[in-house]
Amino acid sequence: MSGGGGGDTLDKLVVFLAKRDGVDKLVKTYQYVSKLAHWAAETSHPGLAGRAKSWETAAGLSRKVFRSGRSLTGFNALRRSPGEFGALAVLANAGEMVYFFFDHFTWLSRVGVLEPWLARRASFVSAFGECVGYVFFIAMDFIVIRRGIRRERALLRGEGGGEGKEKEGEVRMIRADRVMRLMGTAANLADLVIGVADIEPNPFCNHAVTLGISGLVSAWAGWYRNWPS
């Protein structure tokens, strides 16, 4: 039973955190807030910076543990018909599967279960698969967004059938879907920057501010997409 808006928000937060993706977005927020805190305090408050770094490391490893078995999602999608997107869907899901599968070896190496030298190689392969997946997921979202815009324009011009409330309802659905896909695209682009920093290190992508902001954009877009409506 909820008492007003606060109760409703708490109910939604409980539902959100009951999901694996919900916990992941919360811990991802911890990870990248602490990365920015470490960068800001590194020179002036080294003790505080060290604590922030420990928090970042712990959050990053925790997220890898939470993602155990996620490679099965991509594998299961590959077993099924790719649908209308064909090769785009196959490449996107294959990239996601590689990302999550090799991510297991990365964290097992970093916690000492496997040889430490394996962490760097597994991380590279994982990040490469991640980037491939993001590129094709972004492409598919843009295709659907473009179709939605065309359909919306046709409806607003009075074309495409439907009358009154039915037409208004379809327009609302198109717009809501567009917002969710744009949020997904924002998250994928932000994570793509983080992935590039892993496979092709450079001053821009590897800067703490770039990584911190990218991580928070991805996390908060994920909050929006997974928050109970």
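The values are calculated or read from the model by the stated rules, or taken from the named source; none is laboratory data. Computed from a predicted structure; not experimentally measured. Glycine also receives a Cβ, built like all others from the backbone with ideal geometry; neighbour counts cover every protein chain displayed. Surface areas here come from the heavy atoms of the whole protein model, side chains and all, with no ligands, DNA or RNA. Shrake-Rupley method; radii C 1.70, N 1.55, O 1.52, S 1.80 Å.
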May I ask you to work out the translational diffusion coefficient for the stretch 97-150 at 10 °C, viscosity 1.306 mPa s, via Stokes-Einstein with Rh from the Kirkwood sum over Cα pairs, reported in whole µm²/s?
128
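Ratio of Rg to Rh for the stretch 173-212, alpha carbon only, Kirkwood?
1.20
Protein chains only, probe 1.4 Å: how do MET173, MET183, MET140 rank by accessible area, largest first?
The ordering from most to least exposed comes out as MET173, MET183, MET140.
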Describe numerically, in nm with one decimal, the distance between label points set 7 Å from Cα along Cα→Cβ at LYS12 and at ILE143.
3.2
Keeping all protein chains in place, calculate the accessible area per residue for the chain (probe 1.4 angstrom), answer in Å².
57
How much accessible surface does PHE66 have with a 1.4 Å probe, in Å² rounded to 10?
80
Percent RCO, i.e. relative contact order, over the chain, from Cα pairs under 8 Å lying at least 6 residues apart
23
Hydrodynamic calc, the stretch 151-229: Kirkwood Rh from Cα pairs, then Stokes-Einstein at 10 °C with viscosity 1.306 mPa s, so D in µm² s⁻¹ is 107
Of TRP117, ALA41, TRP227, which is farthest towards the positive pole of the chain's charge dipole, taken about the Cα centre with +1 and -1 on the beta-carbons of Lys, Arg and Asp, Glu respectively?
TRP227
Could you work out what % of the accessible surface of the chain is carbon and sulfur, using a 1.4 angstrom probe and leaving DNA, RNA and ligands out of the count?
64
What is the gain in length, in nm to one decimal, between VAL65 and ASN206 on full extension, counting 0.36 nm per residue of separation less the C-alpha to C-alpha distance?
48.4 nm
Of the convex hull drawn through the C-alpha atoms of the stretch 1-112, the volume per residue in Å³ is 184
Long-range lysine pairs (8 or more apart or interchain), the stretch 1-146, Cα under 24 Å:
12
With Kirkwood's inverse mean 1/r over C-alpha pairs for Rh, give me the Rg to Rh ratio of the stretch 128-183, two decimals please.
1.15
With θ taken as phi - 60° and the coefficients 6.51, -1.76 and 1.60, list the Karplus ³J(HN,Hα) couplings across the stretch 168-178 in order, rounded to whole Hz; mark glycine and proline as x.
4, x, 5, 4, 4, 5, 4, 5, 5, 5, 5
Given backbone amide H placed at 1.01 Å from N, residues whose amide H is under 5 Å from that of LEU114, ignoring those fewer than 5 places away on the same chain, are SER109
So, taking all protein chains as they sit and a 1.4 Å probe, how much accessible area belongs to HIS207, in Å² rounded to tens?
80
In whole Hz, the Karplus estimates of ³J(HN,Hα) for the stretch 143-151 (6.51, -1.76, 1.60; θ = phi - 60°; x where Gly or Pro) are 4, 5, 4, 5, 4, x, 4, 5, 5
